[in-house]
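Read-outs throughout are calculated quantities, based only on the coordinates presented, and are distinct from any laboratory measurement. Only a predicted model underlies this, so the values are computations on that prediction, with no experimental measurement involved. Cβ atoms come from the backbone with ideal geometry, glycine included; neighbour counts cover every protein chain shown.
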Amino acid sequence: MFAHRSPLYLLASAGALAAACGVSSQTPPPPPAPAPAPQDGDIGDGDAVVQWDHDWARGAVFYEVFVRSFQDSDGDGVGDLRGLIDRLDYLNDGDPTTTSDLGVDGLWLMPVFESPSYHGYDVVDYERIERDYGDEDDFRRLCAEAERRGMRVIVDLVMNHTSAQHPWFQSAAQGPAAAHRDFYVWRADDPGWQRPWGEGGDTWHRTPAGEDFYYGIFWGGMPDLNFRNPAVLAEMQRIAGLWLERGAAGFRLDATRYLVANGAGELQADQSQTHDALRAFSASVRERAPAAMLVGENWTAARAIASYYGDTARVRGGDELPASFDFPLADAIVSGVRTGVASAVYRAFADHERFYPGGVLGAPFLRNHDQIRLASDVDGDPARLRQAAAILLTLPGMPFLYYGEELGMENGPGVQDESKRTPMPWSDAPGGGFTQGTPWHAFAPGRERANVAAQQAAPDSLLSHYRRWIGLRKASHALRRGLLEALPASPSAGLVYVRASAQQRALVVHNLGEHARAIGPLPASLPLAQARSLTGATHALMRAHEDPGATAKATPADADADAGAAAEDAPWWLLLPPHGSEVLVLEP
């Protein structure tokens, strides 16, 4: 993904699944250890291991969809799968010669399984589609229609926890001898653990009968599953196989850091048994469908995220999660476009080179359903929104867009998570083109400009900007498949990197600042005099002499030869407008 000057190690989790059903020294003595979970990716005597087949995903652009908010087909005010099918041509119409569609390659569906909540992250039935959204036949049709247009569908699989209303938990809560008791984590007392991400909140919850406590890292309505129990892992492997058979192309795995807890604080995340469980789950998916994608939600620092690739020598791309969302890089990009300073992005690049193994897939993004929308984060500034898109879509890996991001959708009213997940504005009509009824939630403000109808045909709209940069990505082998090498730049607003594949090299230059600046120094060894602009823009490419920070002393590259031989060895500088971005193709 990122260029490496030396081999990088990757921490592989150690050992088989641990045996104890308890989680601390205060827990009653554990039962005998179960047999290690099978490594389904192993074949025969272990000399051959099924490998990932992710060539399709390299450079692909994904689009995160909250089905409830995307398109309502029956007038009940709630989005559904049939509505999403009706809108697929907006995302990709399957015709590479058209430019009216967004041009994405894949969809990530937020949870679509049966759930008592609006968001779906507390599942009561992993085998059924949420009734508000349709049924399993609708899902099969969605996957088929998406594939016909050149898109693949991955679904959110919430494997860390269930709803407290799930039949497994309802059974388990009956007492120590109950069926499915060991599907969850229990103890007789409350050890007082708090959630490990610093916001407080208890993680042990008393049962309704008041006899004992169960573990739920998020809240009492979502009890954590017990991944020390091989039967839980086997169920998740079976459920994944079921949805692969129904047409899913993979899974976004929710809260993967927290599958196993060994104590308070940091011991509630990133434990070796979590890595063991993910390795076994990954092997099962890989054997069933080598092209299936797994993307982990590991909301943490780069070093820990990198550990979730697992063993990349044994399995190309990683024997745990072949991709994880890049939260540090997302924060760095947003910080950079807000402040006009690129240093945070450079630090994120450096962390990649330091911690990530070479050649793995990344999943960069700007914002998702758990975060303040990008437009709200940058005060709706159109130039910053465009800049963020240009950075994202010139990075390695699989960029993910959050629905409505391409329109500049802002947060809706209120401070709850619902305000980040409001209905998609297709027009400024009363139902927003989303529904003929009353929307399940109010639209976000600014719908008169942030809607598809208003932006579809406007060449200078944010939607057109996204379509254009996705198209540029598809047109460039370097942007789709190349590694990234960061180049230092001045002034502080400059962000420069080379994307290099086997077929092409491209230089990417961004000016994050509010004023036109000459960005450099760009290495004199780069064949920039013969470079062509991928964007079609005409920016001034210059050689600098006495004061490389002053554009007034820069000499245009096509100036008279009297500039002298010294200029031939001088570095290049590229003059960019405020929040400007350019891609210069160095080789065909």
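Note that the stretch 362-489, at 10 °C in a medium of 1.306 mPa s, gets a Stokes-Einstein diffusion coefficient of 102 µm²/s from its Kirkwood radius over C-alpha pairs. Using only the alpha-carbon atoms of the stretch 123-279 as identical scatterers, what base-10 log of I(q)/I(0) does the Debye formula give at q = 0.09, 0.13, 0.15, 0.19 Å⁻¹? Log10 of I(q)/I(0), two decimals: -0.33, -0.66, -0.84, -1.18. Compactness of the stretch 88-191, taken as the C-alpha radius of gyration over 2.2 N^0.38 Å, stands at 1.48.
Label separation (S533 vs A301): 4.2 nm, computed from points 7 Å beyond Cα along the C-beta direction.
Using a simple spin-label model with pseudo-atoms 7 Å out from Cα toward Cβ, R449 and E587 lie 4.4 nm apart. Check each of the trypsin sites (Lys or Arg not before Pro) in the stretch 125-154 and keep only those in coil by DSSP with at most 12 other C-beta atoms within 10 angstrom; list them in order. Loop-located and lightly packed - R131.
FRET efficiency for the D189 to R246 pair, using the beta carbon distance and R₀ = 35 Å, is estimated at 0.25. Ellipticity at 222 nm from helices only: DSSP H runs of n ≥ 4 in the chain, each -39500 (n - 2.57), divided by the residue count, give -6500 deg cm²/dmol.
Taking every DSSP beta bridge that has both ends in the chain, the antiparallel portion is near 65%.
With the convex hull drawn around the C-alpha atoms of the stretch 166-221, the volume per residue stands at 78 Å³.
The label point for W219 and the one for R354, both projected 7 Å from the Cα toward the Cβ, are 3.7 nm apart. The structure-derived value of Cα extents along the principal axes in Å appears in the list (i) 120, 48, 48; (ii) 91, 57, 45; (iii) 75, 59, 45 under the label (ii). Applying 1/(1 + (r/R0)^6) with r as the Cβ-Cβ distance of A177 and R140 and R0 = 41 angstrom yields a FRET efficiency of 0.55.
Averaging the Cα positions of each part gives two centres, and for the stretch 372-398 and the stretch 153-196 these lie 38 Å apart.
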